[in-house]
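Undergrad: Submitted below is the structure of interest, expressed as structure tokens.
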Amino acid sequence: MQSVLNTVKGTALNVAEYLTPVLKESKFRETGVLTPEEFVAAGDHLVHHCPTWQWAAGDETKTKPYLPKDKQFLITRNVPCYRRCKQMEYVGEETLVEEESGDGGWVETHQLNDDGTTQLEEKICELTMDETKDEMHTPDSDKSAPGDAVDGEDEDDDEAIDMDAFEESGMLDLVDPAVATTTRKLEVEAKASPAVAAATTEAFGDSVLHTRTYDLHISYDKYYQTPRLWVVGYDEQRKPLTVEQMYEDVSQDHAKKTVTMESHPHLPGPNMASVHPCRHADIMKKIIQTVEEGGGQLGVHLYLIIFLKFVQTVIPTIEYDFTQNFNMS
């Protein structure tokens, strides 16, 4: 049902965008929106300071006349995504950091001790096996008595084995009876059949880190007069991810609501995931006001740098933000 509503809304917005005149006068500081010329200037700044981003022309039949032909939208490719959003679990209690605004302030989801470690620190023990006794020891339990230390010194005084003589004796060719030489049936079948290998990996897990990659696009939305982010994901074999797989990499607070599947304004083909731009101008306006209240001034050329930072909350596991640092104070 939600997808049907999103489709209807998308169609209506396409009509509204077609009827909306192109913004000519800058209203960046007043409302947080951009003219097409300001979008191009902000894009040039992003490309200059972060060369992983490049301008693209797109399909000629979808060229927007209010943008340069070779600067229709921005693109960056092969951005890694190592984790799913559901794997992002924070340890520790939430702490209210600031409560000056009416929104209730920011919440810090985990805290550090004075030494920089988390409150719940992992306890890792070094496990060793006693050669004479089948017992497992930890560093704390290995505090030996004085008599044990003497025995250890006597063992160290033994003469070392001559490795050349040991090799000539043929002892290296002997099979250690303690080493298991059997092979599991599933491993044999996996080597014989790729289908069985895939099923085995799914059933028993895989220690290899499977990394997804994403291509990110930034277009200019004529109706909302703001940038708009588009993402398309691929698996390790560069095969496109399904819609549900891509939603795994979107914050669950935004999946199928803020992020929807819609047609790309400059490219043909299947729908792409897009972060809806309805709130972008309001967020940017608040950031501009915060900077000005602190005595600073925000240039329009920094728009896309800041835009990428606040959109990161929607797709937190896609590691694309290697742009400039930005200080609001």
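The values are calculated or read from the model by the stated rules, or taken from the named source; none is laboratory data. Quick caveat: nothing in here was measured; it's all calculated off a predicted structure. For neighbour counting, all protein chains shown are included, and Cβ atoms are generated from backbone atoms with ideal geometry for every residue, glycine included. These accessible areas exclude ligands, DNA and RNA; they are computed on the full protein's heavy atoms, side chains included. Shrake-Rupley method; radii C 1.70, N 1.55, O 1.52, S 1.80 Å.
Undergrad: Considering only residues that are within 18 Å of residue 53 (Cβ to Cβ), open to solvent by 20 Å² or more (accessible area, probe 1.4 Å) and modelled with pLDDT of 90 or more, which ones fall in region 311-329?
TA: 312, 319
Undergrad: Just need a number here: residues in region 65-86 that are more than 19 Å from residue 321 (Cβ to Cβ), open to solvent by 50 Å² or more (accessible area, probe 1.4 Å) and touching a residue at least 40 places away in the same chain (Cβ under 8 Å).
TA: The number of residues fulfilling the criteria is 1.
Undergrad: Quick check on this structure: which one of 289, 245, 297 is at pLDDT below 95, open to solvent by 40 Å² or more (accessible area, probe 1.4 Å), among the polar types (S, T, N, Q) and under 27 Å from residue 88 (Cα atoms)?
TA: Working: 289 fails: under 27 Å from residue 88 (Cα atoms); 297 fails: under 27 Å from residue 88 (Cα atoms).
Going through 289, 245, 297 in turn, the sole match is 245.
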